[in-house]
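What follows is a short report on a single structure.
The values are calculated or read from the model by the stated rules, or taken from the named source; none is laboratory data. Just so we're clear, the structure is a prediction, and the values are computed from it rather than from any experiment. All Cβ positions, even for glycine, are placed from backbone atoms using ideal geometry, and neighbour counts span all protein chains on display. Each accessible area value is taken on the protein alone, full model and side chains, heavy atoms only, with ligands, DNA and RNA left out. Shrake-Rupley method; radii C 1.70, N 1.55, O 1.52, S 1.80 Å.
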Amino acid sequence: MYGKMYSVIQYSSSLTSEPFLYEEIKKVVSLKLSGITDEEIRRRVAEENLLNYKSIKQASRLLPVILKRIVFLDSYLADVLVNGNECDSKMIALYLLMKNNLLFQKFVEEVYMNKIRSKESSISKVDVNDFFNKKKKESSIVSKWQPRVIKKLGQVYLKILYDAGMLNNTRECNVLRRDIDYSLFK
């Protein structure tokens with residue numbers, strides 16, 4: 001599942017049930033920066049509802065996802081995530097998600113960044129469908145997924161980009177933001 005440097009090397013549909021988790025990641029990283037251990041964070045999530053979810057079960061299910069994502073942080077990135085401006089902080093959270101989900105990483109590289117480079121203004125449903133059709137041809141893993149899973153992933157990917165501040169969502173389309181420093185993705 002993970003490669004030499006711990007980044008994910010297989011495609012996964014896990015993001016259908018794992019949102020961006022920006023605020024939660026920020027909260028957990030802040031605790032880790034103050035010296036609190038993973039075990040203590042787990043205890044506080046269970047006993048104090050640290051992540052402020054309606055159910056402890058949901059928080060307990062998502063905490064391992066958060067801990068898995070933040071494994072890629074060094075102290076500098078952790079500090080920027082917690083104390084930096086919102087745009088930089090969200091870009092780091094997005095980077096962490098990309099390091100943990102290869103298919104989403106490919107979507108950002110092959111769809112989003114190609115749109116930015118080609119000076120196009122939006123991502124359409126056709127772009128999303130084309131990406132997944134291409135991946136179905138390339139990957140035996142993706143080719144086995146039900147159409148509803150692929151549709152949901154497309155929706156989730158666009159929602160994550162919106163939540164990260166990379167898209168302005170309108171009724172008609174998902175408009176690309178051009179006022180962001182995309183050097184992190186090069």
key: One residue from Val111, Val82, Val142 being out of contact with any Gly (no Cβ under 9 Å at 6 or more places or on another chain), under 30 Å from Asp38 (Cβ atoms) and either at pLDDT 95 or above or hydrophobic (A, V, I, L, M, F, W, C) (or both)   = Val82
query = in contact (Cβ under 8 Å) with a residue 12 or more places away in the chain, among the acidic types (Asp, Glu) and not in a helix (DSSP H, G or I) - does that describe any residue in the range 17-24?
reply = yes
inquiry  = Checking the conditions here, which among Ile123, Ile116, Ile56, Ile41 is closer than 17 Å to Ile25 by Cα and open to solvent by less than 40 Å² (accessible area, probe 1.4 Å)?
reply    = Ile41
ask   = Taking the range 59-95 only, how many residues are more than 12 Å from Tyr22 (Cα to Cα), of a type in the set (S, T, N, Q) and surrounded by 14 or more Cβ atoms within 10 Å (Cβ to Cβ)?
value = 1
note = Pairs returned, first residue in the range 53-77 that is outside any helix (DSSP H, G or I), second residue that is β-branched (Val, Ile, Thr), beta-carbon separation under 7 angstrom, 6 or more apart or interchain, are Leu73/Val29
remark   = Picked from the range 155-186 (must be open to solvent by 80 Å² or more (accessible area, probe 1.4 Å) and not in a helix (DSSP H, G or I)), the residue modelled with the highest pLDDT is Asn169
query = Within the range 19-38, how many residues are open to solvent by 30 Å² or more (accessible area, probe 1.4 Å) and either in contact with a Cys (Cβ under 9 Å, 6 or more places away or on another chain) or at pLDDT 90 or above (or both)?
reply = 12
